[in-house]
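Contents: one structure, followed by commentary.
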Amino acid sequence: MNLIESSVDGIIAADMKGNIFIFNKGAEALTDYAAEEVIGKLHITKIYPENVAKEIMKKLRSLEYGGVGKFIPTQLNVLDKFGEEIPIQLSAVLIYDGTGQEIASVGIFTDLRPRLKMEKRLQETHLQLVSSEKMASLGKLAAGIAHEINNPLGGILIYSSLMMEDLSEEDPRRGDLARIVQEAGRCKEIVKSLLEFARQTEPKMEPTDINRAINDGLFFLVNQALFHNIQIVKRLDSFLPFVQGNASQLKQVLMNIIVNAAEAMHGSGTLTITTSPAPDRKTIFVEFTDTGEGIPEENFTRIFDPFFTTKEVGKGTGLGLATSYGIIEDHGGKISVKSKVGEGTTFKIELPIHQGTQAILEGQPIN
């Protein structure tokens, strides 16, 4: 029994009527039951989801799962004391008496939560590496394309504008040239977005006041027609620590998210902007919650991809959020999104605080 009790895995034995008579420390840790609550009191089926115990017994008596009387390691769920499902790996055997009659079953239950958690972390790290490599490659490609296009595009704009000046106001060719200037100007904006996405220059990092960056951004936006019917609610923490960042780039991110929110609300609704320090005083949070149309769940994994957009053709390059994601990542931060179709969206930014502020904050916990 000492060997059974010292096992980190749960070991549970029950007779053929389902009465549990062995329930070791590992089983207690796994299920939150105490042995005295279980032995002689709890039926073996109660630690499994419905009908699972019956299926396990069928497989124990089958040739297909390790031979009669054996159950090869298999992943499944058990129930803890509170009814929560716990992922485990189960190995089991049947015990026979001298006449070959079944008298008990013994199962070894290995908690898979630590392993699954580690696998998820490894997968997330892998996806981040792949994303970083993809972004770096796309950045180089975007920069190359932008520089190649910029010069001839500038020539088109200059010469078409000069040609317009040589034509009278009544000349029908002015309309065609105006369209050339307009579309070339739009191409210029796309090229500008490409260069911002590429960001091949190292930004100057310094202590930055996020609250001020938000207020500065709103100052330029609120008078635009898009914002006339939008109520903006600011919940900015007055004692918010500075972050280590580039004010211009961070303002670009904040304004981009604010404009996206306004467009998602079609110029009517409420945008709530909240800033707060993390309880550990190492990071700050910035949240933008709108009452817009929401984002379908299938788009969650794509919204930060370059050139992905749900806007009409000609109304967006699909580089705004990709650029924002890259800027926040370069600042050692994170950006995430939660959304429900028909209810609205919340973008959450987490940024590390400026180290000089850290020393000032040491002391009383933040409530």
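The values are calculated or read from the model by the stated rules, or taken from the named source; none is laboratory data. Fair warning: this is a prediction, and the values are worked out from it, not measured in the lab. All Cβ positions, even for glycine, are placed from backbone atoms using ideal geometry, and neighbour counts span all protein chains on display.
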From GLU119, GLU124, GLU169, grab the single residue that is under 26 Å from the mean Cα position of the chain (by Cα), modelled with pLDDT of 80 or more and outside the structural domain of GLY326 (by TED's automatic domain parsing). GLU119
Which residue pairs have Cβ atoms under 7 Å apart, sit 6 or more places apart or on different chains, and have a first residue in the stretch 349-363 that is exposed (fewer than 12 other Cβ atoms within 10 Å of the Cβ) and modelled with pLDDT of 60 or more and a second that is not in a helix (DSSP H, G or I) and not β-branched (Val, Ile, Thr)? GLN355/GLN244; GLY356/PRO207
For the stretch 306-335, name all the residues that are at pLDDT 75 or above and assigned to a loop (DSSP other than H, G, I, E, B). HIS331, GLY332, GLY333
What number of residues within the stretch 1-45 are in a loop (DSSP other than H, G, I, E, B) and either β-branched (Val, Ile, Thr) or in contact with a helix residue (DSSP H, G or I) (Cβ under 8 Å, 6 or more places away or on another chain) (or both)? 8
